[in-house]
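> Below: one structure in structure tokens.
The values are calculated or read from the model by the stated rules, or taken from the named source; none is laboratory data. On a predicted model such as this, the values are computed, not experimentally measured, just so you know. Glycine gets a Cβ as well: all are built from the backbone with ideal geometry, and neighbour counts include every protein chain shown.
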Amino acid sequence: MILTHFLKKGLTWPITLTILIILAIAVAVPFSNLYLDPAHPLHVPNHLVGLFGKYLTYALLALALDLVWGYCGILSLGHGAFFALGGYAMGMYLMRQIGSRGVYGDPVLPDFMVFLNWQELPWFWYGFDQFWFAALMIILVPGGLAFIFGWFAFRSRVTGVYLSIITQAMTYALLLAFFRNDMGFGGNNGLTDFKDILGYDIQASTTRAGLFSASAIALALGVLITAAITGSQFGKLMIAVRDAESRTRFLGYRPEMVKLFAFVVSAIMAGIAGALYVPQVGIINPGEFAPANSIEVVVWTAVGGRGTIIGPIIGALVVNGGKSWFTGAFPEYWLFALGGLFVLVTLLLPKGIVGTVRDGWAKLRPAKQAPIESDTTQKPADQANSQPQAAE
Amino acid sequence: MYRKSILALLTIWCLSLFAPVANAQDADLQAIIQKFATSKNFNQTKAIVTELAETGDASVAGVLNALSDGSVYFRKSDNQVFVVPGSGKTLELFDPLTGEAAGEAGKRDLKKVKVNNALRRSIRDAIGGLTLASENPSVRLTAANTLAANPDVEALPAIEAALERETDDTVAKRLRQAQASAILISDRSLEDKTNAVNVMTALGNREALAFLTRFEAQADGELKTLAARAITKIEKNLKLWGMGQNVWYGVSLGSVLLLAAIGLAITFGVMGVINMAHGEMVMLGAYTTYLVQEIIRNSMPELMDWSLLIALPLAFMVSALVGLVLERGVIRFLYGRPLETLLATWGVSLILQQAVRTLFGPSNQEVSNPSWMSGAFELGQITITWNRLYILIFALCVFAVLLWAFNKTSLGLQMRAVTQNRRMASAMGIRTPWVDALTFMLGSGIAGIAGVALSQIDNVSPNLGQSYIIDSFMVVVFGGVGNLWGTLVGALSLGVFNKFLEPYAGAVLGKILVLVFIILFIQKKPRGLFALKGRAIET
């Protein structure tokens, strides 16, 4: 419905351009990796394909967070949990594909279960030998969790920092849970040692190139969906909820439903990002649930510019590129840099790279209409801060 | 070498001063001990052991122990008895009474004084009886514990004799237990045994329960029913004590949570600031303690017991100073944007962590307990460690001081005014930025002294703060923002709740359940247990 409206109305040129660039990358990088001579200056070596593929899934995750934070004002500190859940669903499929090639050679049970002396597959592992089932779970599990969590949280009007803190508690609880061996998800070590995906060798460069393309296409789709949602009437409602939730409610809308929709869509996007991430890095472990990871996603989005579509993508690429370079060059100082980035971005670049550039552009060309989304600052200072008078 | 021999000479000379007294007794003992060489069979050896025990002189315990270990030998040539602990071809000899070296001898020249298991038992009883007579209460306690754990009818007279002259309560209690269990397996009268069961019930510990259960299985008639009744009673009591122990663990955990969260409650409550770097303030306090102890250890070790008291004000100042810089440098610009504050302070926490890691290394630093904080004592069946108790007291003191500061000082009044209505407070002439800065300093400083306390029970590493930050947020959110009592109740109830879940669900699952509980609780009461009531729509 939203999509048809959006397609009828037409894509704005920056979105079209972004999607085209991403699709071009989806074709060009694998092509250069597979068909260009290694000596060719434009040749992309294997490890870079994997690295960039990982960045693309991060970009999708940042975009998912931007949909709820930038457009709907929900600062989720638990998006890493949806990412990891999607990743685990994919990991379980990949574990089942190992079959009898594991260390213990059990045709059904994954290695860690044999190691823990489990006699049969737990019920929640059923069906994961089929890709369609795993794919369904990649959507349903993060989406379902987001729906249940959001249903309760938004209806009881948990907002602002309280919501942020309970999303953090959620991912922390999942972190603790997945660390337990009895949960049946490999405990501390997580799921690893994958062999095949859809019958193709997961280590082969063609498969890796394919995964890269899949990540890029997923990101392009994510951009399309985000643009469609935010460009629609519903998107305006989301922004209204972000900027004045009570006022929107008084006008007769139901902000909790708006938020719930955005939250679930965003969680599904994050889950898909996680599912594409796992085969490219070859492991998923409970560390992905760490609250610190989720907060890092927030900084990618903030650096790029929340409330924009291109911003989180640029942010994820820039910050992670910086991280790769930094941890190689000065491993000691990466946390200083990341911490400094948090502080500087919130103090000096509240609108992120894209927002700042766009504002500058708008100032240079005052005749053009100012885009709606640019207002990312929160409520007026004192309102959010002051508590109401206490009843004595 | 030279000095050593002089020292030995001096010692001998000193000893010789007392020689006339000591020698008279030692000669008797020596004479008895030498009989081992001529003992023909186990019965005779046993008689010698009994004779030795009857002297009541604790100095024969050494040779009796050695005898039980099978390391008492005599020289074939002159029937001289020695203790020979080693093995090999040539053996070192030691005097059985004084334990002094007495030359060497070949293995062939020596003969072992033989022992069997029955003999070993009577030796053990003899030693038990001897050590029960010791001057040192802790030696007596060990002896009483051994006897209580392995009840022995033959030790009964010794136990009863010791019980009569025992002055120490703890030892007497253990002796009574040993006596009661020994009576139950002896052939004494029914009345005595009934009394013994009653004594056991009154003692009511796990050991008594285990013993009575064993006793009940083989007893018959009246005693069996009596024992069964005693068992149910003890079990009920132990269950109660177990709950008491859980409550104590919970309260202890709660006090730790309270310490970690109370500073946060102030900054979050008054300023609406989410300080993600709060845990790092705790960590800075712990590292200050570490530094203070390092300096004391290197320059004035006699002050070690005072190290924590010295560290307290320093930790407060260090953390408060960092807090002030943080407030003036970062948070000031972000008032009214709580989500941004959250991100910026998270960044600061990363920087502080990495700074500490760079300065002190990633590993755990050793912070020692002062002597008055180590050890434990027992309250009924509950074991309480001193450091946990002191931390509880300390947490309550900090809470009381803060409560006083909040309610009785003018700064506290201003803080409360700003919490309730910032604009109105400002209109009344309160310098809100000034109050903010002071509040933030106070909150950070409290986190610093929490770090001093937590350094006593947790690893002092750069990750110290991380492990507390989520828990303390949960406490603050659960208890309700802007209310110190809420934080107290929240911390203690979460602590107790957690510890009561642990036996059923395990530590990790218990923690997960607590988190889920809080998530659900916030749905029901989004402003916490003790919320400030008001009429505004958006807060």
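> Go through A:135, A:146 for me and flag whichever is within 17 Å of the chain's Cα centre (by Cα) and surrounded by fewer than 16 Cβ atoms within 10 Å (Cβ to Cβ).
On the way: A:146 fails: surrounded by fewer than 16 Cβ atoms within 10 Å (Cβ to Cβ).
Result of the check over A:135, A:146: A:135.
> Could you list, in sequence order, all residues of region B:324-339 that are more than 14 Å from residue B:280 (Cβ to Cβ) and facing chain A (nearest Cβ under 9 Å)?
B:329, B:333, B:334, B:335, B:336, B:337, B:338, B:339
> Quick check on region A:112-132. Is at least one of its residues over 30 Å from residue B:336 (Cβ atoms), buried (at least 16 other Cβ atoms within 10 Å of the Cβ) and in contact with an Asp or Glu (Cβ under 7 Å, 6 or more places away or on another chain)?
Taking every residue of region A:112-132 in turn, at least one turns out to be over 30 Å from residue B:336 (Cβ atoms), buried (at least 16 other Cβ atoms within 10 Å of the Cβ) and in contact with an Asp or Glu (Cβ under 7 Å, 6 or more places away or on another chain).
> What are the pairs, 6+ residues apart or on separate chains, where a residue within region B:403-422 that is among the β-branched types (Val, Ile, Thr) has its Cβ under 7 Å from a residue that is part of a helix (DSSP H, G or I)?
B:418/B:270; B:418/B:425; B:418/B:432; B:418/B:435; B:419/B:269; B:419/B:270
> Kindly provide the set of residues from region B:314-348 that are of a type in the set (Gly, Ala, Ser) and free of Cβ contacts under 8 Å to residues at least 12 places away in the same chain, ordered by number. I'd like the intermediate steps shown before the answer.
Our first condition is that a residue be of a type in the set (Gly, Ala, Ser); within region B:314-348, this holds for B:315, B:319-320, B:323, B:329, B:336, B:344, B:347.
Hits for region B:314-348 are B:329, B:336, B:347.
> Restricting to region B:349-365, name every residue that is within 20 Å of residue A:295 (Cα to Cα) and in contact (Cβ under 8 Å) with a residue 60 or more places away in the chain.
Correct list: B:349, B:352, B:353, B:354.
> Enumerate the pairs (first residue in region B:509-538 and at pLDDT 85 or above; second residue anywhere and part of a loop (DSSP other than H, G, I, E, B)) with beta-carbon separation below 9 Å, excluding pairs fewer than 6 apart on the same chain, so at least 6 apart or on different chains.
Listed pairs, sorted by first residue: B:509/A:180; B:512/A:180; B:521/B:528; B:521/B:529.
> Can you pull out the residues in region A:320-343 that are in contact with a Gly (Cβ under 8 Å, 6 or more places away or on another chain) and either under 28 Å from residue A:72 (Cβ atoms) or of a type in the set (D, E, K, R) (or both)? Explain how you work it out, then say what you get.
Residues of region A:320-343 that are in contact with a Gly (Cβ under 8 Å, 6 or more places away or on another chain), as a first pass: A:337-343.
Listed by number, the residues that qualify are A:338, A:339, A:341, A:342, A:343.
> Output the residue which, of all residues in region B:52-90 that are of a type in the set (Val, Ile, Thr) and within 36 Å of the chain's Cα centre (by Cα), is surrounded by the most Cβ atoms within 10 Å (Cβ to Cβ). First the steps, then the outcome.
The first filter runs over region B:52-90 and keeps only residues of a type in the set (Val, Ile, Thr), leaving B:55, B:60, B:63, B:72, B:81, B:83-84, B:90.
Of the ones still in play, those that are also within 36 Å of the chain's Cα centre (by Cα) are B:60, B:63.
Values: B:60: 23, B:63: 26.
Applying the filter and picking the extreme gives B:63.
> A follow-up question, please. List pairs: first residue in region A:230-259 and among the acidic types (Asp, Glu), second residue in a helix (DSSP H, G or I) anywhere in the structure, Cβ distance under 6 angstrom, at least six positions apart or on different chains.
A:245/A:255; A:256/A:154; A:256/A:155
> Testing residue B:521 on (1) surrounded by fewer than 24 Cβ atoms within 10 Å (Cβ to Cβ); (2) under 30 Å from the mean Cα position of the chain (by Cα); (3) outside any loop (DSSP other than H, G, I, E, B), one condition comes back false. Which one is that?
Result: residue B:521 passes all but (2).
> Go over the candidates B:395, B:405, B:400, B:417 one by one and state the one that is surrounded by fewer than 13 Cβ atoms within 10 Å (Cβ to Cβ) and small (Gly, Ala, Ser).
Numbers: B:395 fails: surrounded by fewer than 13 Cβ atoms within 10 Å (Cβ to Cβ); B:405 fails: surrounded by fewer than 13 Cβ atoms within 10 Å (Cβ to Cβ); B:417 fails: surrounded by fewer than 13 Cβ atoms within 10 Å (Cβ to Cβ).
Answer to the check: B:400.
> A follow-up question, please. For region A:309-353, how many residues are within 30 Å of residue B:327 (Cα to Cα) and in contact with a Pro (Cβ under 9 Å, 6 or more places away or on another chain)?
Here the count works out to 1.
This table checks each residue for (1) of a type in the set (S, T, N, Q); (2) more than 27 Å from the chain's Cα centre (by Cα); (3) surrounded by fewer than 19 Cβ atoms within 10 Å (Cβ to Cβ).
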{"residue": "B:150", "(1), (2), (3)": "yes, no, yes"}
{"residue": "B:164", "(1), (2), (3)": "no, yes, yes"}
{"residue": "B:184", "(1), (2), (3)": "no, yes, no"}
{"residue": "B:194", "(1), (2), (3)": "yes, yes, yes"}
{"residue": "B:221", "(1), (2), (3)": "no, yes, yes"}
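> State all residues of region A:157-189 that are within 20 Å of residue B:272 (Cβ to Cβ) and within 7 Å of another protein chain (Cβ to nearest Cβ); if no residue qualifies, say none. Don't jump to the end; show me each part of the working.
First, pick out the residues of region A:157-189 that are within 20 Å of residue B:272 (Cβ to Cβ): A:157-169.
If the condition is that a residue be within 20 Å of residue B:272 (Cβ to Cβ) and within 7 Å of another protein chain (Cβ to nearest Cβ), then A:157, A:158, A:160, A:161, A:162, A:164, A:165, A:166, A:168, A:169 are the ones that fit.
> Here's something else I'd like to know. Looking at region A:62-90, I want the residues that are in contact (Cβ under 8 Å) with a residue 60 or more places away in the chain and have a partner that is acidic (Asp, Glu) and not in a loop (DSSP other than H, G, I, E, B) with Cβ atoms under 7 Å, at least 6 apart or on another chain. Which pairs are those?
A:80/A:288; A:83/A:288; A:84/A:288; A:87/A:288
> Being part of a helix (DSSP H, G or I) and modelled with pLDDT under 90 is the filter here, so list the residues in region B:349-385 that pass it. Before you say what the answer is, go through the steps one by one.
Pass one, region B:349-385, residues part of a helix (DSSP H, G or I): B:349-360, B:371-373.
Scanning region B:349-385 gives B:371, B:372, B:373.
> Only one residue in B:483, B:498 is more than 23 Å from residue A:157 (Cα to Cα) and either within 13 Å of another protein chain (Cβ to nearest Cβ) or out of contact with any strand residue (DSSP E or B) (no Cβ under 7 Å at 6 or more places or on another chain) (or both). Which one?
Details: B:483 fails: more than 23 Å from residue A:157 (Cα to Cα).
Residue meeting the stated conditions: B:498.
> Can you say whether residue A:303 is touching a residue at least 12 places away in the same chain (Cβ under 8 Å), over 14 Å from the mean Cα position of the chain (by Cα) and within 14 Å of chain B (Cβ to nearest Cβ), as far as the supplied structure shows?
Working: touching a residue at least 12 places away in the same chain (Cβ under 8 Å): yes; over 14 Å from the mean Cα position of the chain (by Cα): yes; within 14 Å of chain B (Cβ to nearest Cβ): yes.
So residue A:303 passes the test.
> Next question. For residue B:78, indicate whether it is closer than 17 Å to residue B:127 by Cβ and without any contact (Cβ under 8 Å) to a residue 60 or more places away in the chain.
Taking the combined requirement at face value, the residue does not satisfy it.
> I'd like to check something: does region A:67-79 contain any residue that is polar (S, T, N, Q), at pLDDT 95 or above and closer than 22 Å to residue A:320 by Cα? Give the derivation first.
Narrowing region A:67-79 to residues polar (S, T, N, Q): A:76.
Okay, now just the ones that are also at pLDDT 95 or above, so none.
No, every residue in region A:67-79 fails to be polar (S, T, N, Q), at pLDDT 95 or above and closer than 22 Å to residue A:320 by Cα.
> Quick check on region B:366-376. Is at least one of its residues more than 8 Å from chain A (Cβ to nearest Cβ), within 30 Å of residue A:294 (Cβ to Cβ), among the small types (Gly, Ala, Ser) and within 33 Å of the chain's Cα centre (by Cα)? Before the answer, list the steps.
The initial filter retains those residues of region B:366-376 that are more than 8 Å from chain A (Cβ to nearest Cβ), namely B:366-376.
In the following step, the residues that additionally are within 30 Å of residue A:294 (Cβ to Cβ) were identified as none.
No, the conditions are met nowhere in region B:366-376.
> Need pairs with beta-carbon distance below 6 Å; first residue closer than 18 Å to residue A:249 by Cα and within region A:150-167, second charged (D, E, K, R); sequence gap 6+ or separate chains.
A:154/A:256; A:154/A:259; A:155/A:256
> While we're looking at this one, here's another question. Quick test for you: out of A:214, A:227, pick the one residue that is buried (at least 18 other Cβ atoms within 10 Å of the Cβ), aliphatic (A, V, I, L, M) and closer than 19 Å to residue A:12 by Cβ. Write out each step before concluding.
Numbers: A:214 fails: closer than 19 Å to residue A:12 by Cβ.
Going through A:214, A:227 in turn, just one is buried (at least 18 other Cβ atoms within 10 Å of the Cβ), aliphatic (A, V, I, L, M) and closer than 19 Å to residue A:12 by Cβ: A:227.
> Are any residues in region A:119-142 touching a residue at least 60 places away in the same chain (Cβ under 8 Å) and over 27 Å from residue A:293 (Cα atoms), and if so, which ones?
Hits for region A:119-142 are A:122, A:131.
> Next question, about the same structure. Of all residues in region B:90-139, which are under 15 Å from residue B:46 (Cα atoms) and of a type in the set (Asp, Glu)?
The answer is B:125, and nothing else.
> What residue, of B:319, B:349, is under 17 Å from residue B:268 (Cα atoms) and within 14 Å of chain A (Cβ to nearest Cβ)? Write out each step before concluding.
On the way: B:319 fails: within 14 Å of chain A (Cβ to nearest Cβ).
On inspection, the qualifying residue turns out to be B:349.
> Now, a different point. Pick from region B:447-456 the residues that are assigned to a helix (DSSP H, G or I) and of a type outside the set (A, V, I, L, M): which of them is nearest to the chain's Cα centre (by Cα)? Talk me through it step by step, then tell me what you get.
Applying the first criterion (assigned to a helix (DSSP H, G or I)) to region B:447-456 yields B:447-454.
Those left that are additionally of a type outside the set (A, V, I, L, M): B:448, B:451.
Details: B:448: 24, B:451: 20 Å.
Filtering first and then ranking leaves B:451.
> Just one of B:467, B:472, B:444, B:493 is assigned to a helix (DSSP H, G or I) and under 17 Å from residue B:406 (Cα atoms); which is it?
Result: B:444 is the single residue among B:467, B:472, B:444, B:493 that is assigned to a helix (DSSP H, G or I) and under 17 Å from residue B:406 (Cα atoms).
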